[in-house]
Amino acid sequence: MNAYGLYTSLGCNVLMVEYRGYGKSQGSPSEMGLYQDAEVAMDFLLRHSQISRDKIVVFGRSLGGAVAIYLASHPYYSQHIHSVFIENTFTSLPEIGAVVIGIPIIGLLPYWCFKNQFPSIKRVPKITVPVMYLSGLTDNLIPPRMMKMLFESTVNSPLKRMALFDNGTHNETWLCPGYYECILNFIAEVSKWRSTSALTNYSDVLTKIV
């Protein structure tokens, strides 16, 4: 229903990626495998004759947010990304693991101790495309403070925004009033900037959505 809402409210086409090991996809999930699946999806769009290569928007929620951040920080794929939307995701797998398991010391271990890392907090400074963070403040799985940390660490994006939804839960933030309008307004803002190149020093904006 969320994908349908993106289609009807924004008037955009939606490509949904089913990672390896999920649904009917073969294979087993892994950090590098999920990155490769995202790359294949982008390659498909870039080869598609009916897709505008300058209007590709990347969206990621939760674990998908870490994958979207990977794409947005990738030197090749970032040049083909119009804008990025990150919803209710974590700073890194070790850090969220410490929260979920309830043992803080886990988050203090070196990254090399973990097979899968998804180090988004280290990647967001490399993002050079417009990005919006969508944060549900009643998310009981991923602490909203992690979204704030990612937002504050995104220091090289030419245009970044963060929208806060008081009643947004981990998987249902899209049900909050103003959700689709927020996305649509940011896409329009980015399109205007890209068409005029008039944006030089936009201040960071924290949008409070009731």
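Summing Lys and Arg as +1 and Asp and Glu as -1 over all other residues whose Cβ lies under 14 Å from the Cβ of Leu93 gives a net charge of +1. Taking a sphere under 15 Å around the Cβ of Val14 and counting the other residues whose Cβ falls inside, with K and R at +1 and D and E at -1, yields a net charge of 0.
Net charge dipole, the chain: roughly 340 debye, given to the nearest 20, about the Cα centre with Cβ charges of +1 for Lys and Arg and -1 for Asp and Glu. When the listed pairs Lys126/Lys160; Lys122/Lys192; Lys24/Lys160; Lys122/Lys148; Lys55/Lys122 are checked against a 24 Å cut-off, the alpha-carbon distance exceeds it for Lys122/Lys192; Lys24/Lys160; Lys55/Lys122. The largest accessible area among Leu15, Leu34 belongs to the first residue in Leu15, Leu34, and the rest follow in falling order (1.4 Å probe, all chains). Taking label positions 7 Å along the Cα-Cβ direction at both Phe44 and Thr196, the computed distance is 3.7 nm, reported to one decimal.
In summary, the aspartates and glutamates within cross-link reach of Lys115, defined as a Cα separation below 20 angstrom excluding same-chain residues under 8 places away, comprise Glu31, Asp37, Glu95. Given axes a ≥ b ≥ c from the Cα gyration tensor, I'd like to know whether the stretch 28-99 is rounded (a/c under 1.5), prolate (a/b larger than b/c) or oblate. Taking the square roots of the gyration eigenvalues as a ≥ b ≥ c, the stretch 28-99 is prolate. Largest GNM mean-square fluctuation among Gly65, Gly97, Gly136, using the chain with Cα springs under 10 Å: Gly97.
In terms of packing, defined here as the mean over residues of other Cβ atoms within 10 angstrom, the peptides 186-196, 2-12, 21-31, 118-128 line up highest first as 118-128, 186-196, 2-12, 21-31. Where the accessible area of the chain is counted over protein heavy atoms with a 1.4 Å probe, how much of it, in %, is carbon and sulfur? Ligands and nucleic acids excluded, carbon and sulfur give 56 percent. Based on protein heavy atoms only, the chain ends up with 53 Å² per residue of surface accessible to a 1.4 Å probe.
The values are calculated or read from the model by the stated rules, or taken from the named source; none is laboratory data. Worth saying up front: this structure is predicted, and the values here are computed from it rather than measured. For neighbour counting, all protein chains shown are included, and Cβ atoms are generated from backbone atoms with ideal geometry for every residue, glycine included. Remember, those area values only see protein heavy atoms, side chains included, never the ligands or the DNA or RNA. Shrake-Rupley method; radii C 1.70, N 1.55, O 1.52, S 1.80 Å.
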